[in-house]
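Student: I'd like to ask some things about the structure below.
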Amino acid sequence: MIVVKSPAKFNINKSLEELLAHEYAHLALAHRVGHRHRPRWFDEGLAVLVSREWSWASNLTMSLSAVVGQFVPLEEIEMVNRFGAGKARLAYAESYLAVQYFFDEYGIKAVNLFVDSIAAGASIDNSLMASTGSNYADFETEFRVYLQSRFNLVTLITDMTYFWIALAVILIIGFFLKMRKKREYLRKWDEEEKMASTDFDYGDSDHPEQTDDDEPWRR
């Protein structure tokens with residue numbers, strides 16, 4: 001039996017559908033390779049690919065990392081559970097891109113050959129060599145070149161532009177919602193005042209009450 005807790009219980013910013021797809025991808029890959037060790041970047045990257053978790057925020061993370069030149073080496077992603085939040089986000093983004101690069105550059109047959117080699121007991125280095133013709137170090141170098149060509153200062157500026165546009169739209173929407181709420185509050189207040197005024201009897205203006213001045217016999 002598999003128990004999956006709702007993502008609402010955790011601060012992970014995932015829908016239930018994304019969470020289920022992500023975890024199912026892990027299970028499927030583990031079953032495919034006979035639970036042999038597989039690269040963490042491939043495991044996580046495939047899960048992100050299957051669950052379609054890539055977002056604009058991931059793009060921004062990669063652009064920032066490219067500008068400052070701080071990518072996480074693929075082999076280091078094995079320790080992703082020990083990373084801080086920021087580095088972990090970068091590691092997951094890189095993992096997704098590494099798998100996407102694998103598919104785009106070498107094709108699905110090469111990916112299947114890589115997985116089959118791992119299932120057969122081959123090392124990660126030999127599995128990469130059999131499927132791509134490159135060992136681990138060379139694949140990492142190729143991938144790094146790909147990242148540097150895809151993410152740079154231009155993409156960062158573009159991503160930031162989208163960010164400010166999105167922020168402006170959110171602020172404008174928030175302003176109009178606040179104004180509408182304020183108008184609704186004032187309308188209800190006005191209605192309550194009118195109702196309160198009808199509860200007080202001001203008398204008949206055409207026949208005002210008599211005063212002592214109208215009754216001289218009382219003097």
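Throughout, read-outs are computed from the coordinates displayed, never taken from laboratory work. The shown structure was predicted, so the numbers you read here are calculated from the model rather than taken from an experiment. With ideal geometry, Cβ positions are generated from the backbone for all residues, glycine too; neighbour counts draw on all protein chains shown.
Student: Taking a quarter of the surface of the convex hull around the Cα atoms of region 52-126, what do you get in nm²?
Tutor: Average projection, Cα convex hull of region 52-126: 6.0 nm².
Student: Given an 8 Å cut-off on Cα distances and at least 6 residues of separation, report the relative contact order of region 40-113 as a percent.
Tutor: 50
Student: Near Ile173, within a Cβ-to-Cβ distance under 14 Å, what is the net charge of the other residues, with Lys and Arg +1 and Asp and Glu -1?
Tutor: Result for the neighbourhood of Ile173: +3.
Student: How would you order 79-87, 32-40 from highest to lowest mean count of nearby Cβ atoms within 10 Å?
Tutor: 32-40, 79-87
Student: To make sure I understand, if each residue's beta carbon is the centre and we count other beta carbons within 10 Å, what order do Asp104, Asp116 fall in, fewest to most?
Tutor: Fewest-to-most Cβ neighbours within 10 Å comes out as Asp104, Asp116.
Student: Still on this structure, I have one more. Assuming a ≥ b ≥ c are the square roots of the Cα gyration tensor eigenvalues, decide whether region 11-151 counts as rounded (a/c under 1.5), prolate (otherwise, with a/b larger than b/c) or oblate.
Tutor: Judged from the Cα gyration tensor, region 11-151 comes out oblate (a/c at least 1.5, b/c at or above a/b).
Student: Which whole-number percentage describes the relative contact order of region 11-151, with Cα contacts under 8 Å and a sequence gap of 6 or more?
Tutor: About 27 percent, as a whole number.
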